[in-house]
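The values are calculated or read from the model by the stated rules, or taken from the named source; none is laboratory data. Keep in mind that this is a model prediction, so the values were computed, not measured. In this analysis, Cβ positions are derived from the backbone assuming ideal geometry, glycine residues included, and neighbour counts consider all displayed protein chains.
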């Protein structure tokens, strides 16, 4: 199974559906053990999926955001933790290509390594700063030395840490108070992963702490200087709501199948024929449609827009994330109401879906920040 041999979105979705079924079979054990989905990530690497967002000039497929969203959603139907994990890698490569924010030789080298199977993610969050989207200055420090940089600090929520080959670490530069991103290979000295991830949601993401103690990197590994405020608009972050929509669709499918098969002796036929059950199924489908139109529409608008127009899409992207993640929670809740008390059984996937979708509330951008942005957006449009 190889994505590089598939030329259309439909072909790639069909292939991903096959992989997703395998992920689904492994999801319960991964959740129970709080283990990392090594086999799932290996399947995605072996199939060529992890190279799809590499730009065409470096041998990749350079797929559009809409296609990425559809494929990520399908992964999440099998296992949400796997989808969210690999989504960061896929989106970061896409974003670096779109923003052209790194020096070309460094980005070229990363793309070549990704084509060979390397994985990358950012390590931005810290215990005292929380989400970097709120503008906190990193307490991780970078000190200039003779031939490069010496970096010290602790990063939290380093998703996919068990298998990452590269970390993009934000740090405050000593003496200047400026903030920069540093590309740190896993092979660097002074790196340690402390297994701190004990969340009840998305237990398989391996989002442990990254500890840097006198970690040395070459001078060219300072890849980007940036401001902690006024960040650029990022379409690739739509991989987040895509993950939660995929989980919600898995819950919807389970509820429909359950309703088709479950027939208590108090009624004739299965419960799917009952008006109150059909009411809930209708509500679920409406919420799925609303999510798809918002998410797919936003991603297609991003794909068809130029750089200037994309910078105006912040409110739309935030609204898409807020809408889809909250609707996903409602969809799973409705599915559980159809299934009833059985949905709370540890062996039932709905209880896992219920825990996993709630994680979306804590992925960027947060709901309160989005609502503030929407308020400003409406005020500006009235002027």
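Could you please let me know if residue 82 is within 15 Å of the chain's Cα centre (by Cα) and modelled with pLDDT of 95 or more?
Criteria met by residue 82.
Just to check your reading of the model, which residue among 289, 284, 313 is within 25 Å of the chain's Cα centre (by Cα), outside the structural domain of residue 87 (by TED's automatic domain parsing) and touching a residue at least 60 places away in the same chain (Cβ under 8 Å)?
313
Filter region 165-214 down to the residues that are part of a loop (DSSP other than H, G, I, E, B) and in contact with a helix residue (DSSP H, G or I) (Cβ under 8 Å, 6 or more places away or on another chain), then identify the one that is nearest to residue 45 (Cα to Cα).
165
Can you run down the residue pairs with Cβ atoms below 9 Å, 6 or more apart or on separate chains, where the first is in region 14-36 and on the phi > 0 side of the Ramachandran plot and the partner is crowded, with 20+ Cβ neighbours inside 10 Å and outside any helix (DSSP H, G or I)?
These pairs meet every condition: 34/197.
Kindly establish whether residue 319 is part of a helix (DSSP H, G or I) and either outside the structural domain of residue 263 (by TED's automatic domain parsing) or within 22 Å of the chain's Cα centre (by Cα) (or both).
Yes, satisfied.
Report, by residue number, each residue of region 178-192 that is farther than 19 Å from residue 110 by Cα and within 25 Å of the chain's Cα centre (by Cα).
The answer is 179, 191, 192.
Given the condition outside any loop (DSSP other than H, G, I, E, B), farther than 26 Å from residue 24 by Cβ, at pLDDT 95 or above and not assigned by TED's automatic domain parsing to the domain that holds residue 32, answer yes or no: does some residue in region 259-275 qualify?
yes
Does residue 10 qualify as being in a helix (DSSP H, G or I) and exposed (fewer than 15 other Cβ atoms within 10 Å of the Cβ)?
Against the criterion (in a helix (DSSP H, G or I) and exposed (fewer than 15 other Cβ atoms within 10 Å of the Cβ)), residue 10 qualifies.
Could you grab me the full set of residues in region 330-362 that are under 20 Å from the mean Cα position of the chain (by Cα) and buried (at least 20 other Cβ atoms within 10 Å of the Cβ)?
Matches in region 330-362: 331, 332, 352, 353, 354, 356, 357, 359, 360.
Take the residues of region 113-135 that are part of a loop (DSSP other than H, G, I, E, B) and either touching a helix residue (DSSP H, G or I) at 6+ places or on another chain (Cβ under 7 Å) or touching a residue at least 40 places away in the same chain (Cβ under 8 Å) (or both): which is nearest to residue 364 (Cα to Cα)?
Residue satisfying both the conditions and the ranking: 131.
Checking the structure you have, find out if any residue of region 95-112 is surrounded by 24 or more Cβ atoms within 10 Å (Cβ to Cβ), closer than 30 Å to residue 356 by Cα and either out of contact with any helix residue (DSSP H, G or I) (no Cβ under 6 Å at 6 or more places or on another chain) or outside the structural domain of residue 353 (by TED's automatic domain parsing) (or both).
Within region 95-112 (the criterion being surrounded by 24 or more Cβ atoms within 10 Å (Cβ to Cβ), closer than 30 Å to residue 356 by Cα and either out of contact with any helix residue (DSSP H, G or I) (no Cβ under 6 Å at 6 or more places or on another chain) or outside the structural domain of residue 353 (by TED's automatic domain parsing) (or both)), the answer is no, since none of the residues qualifies.
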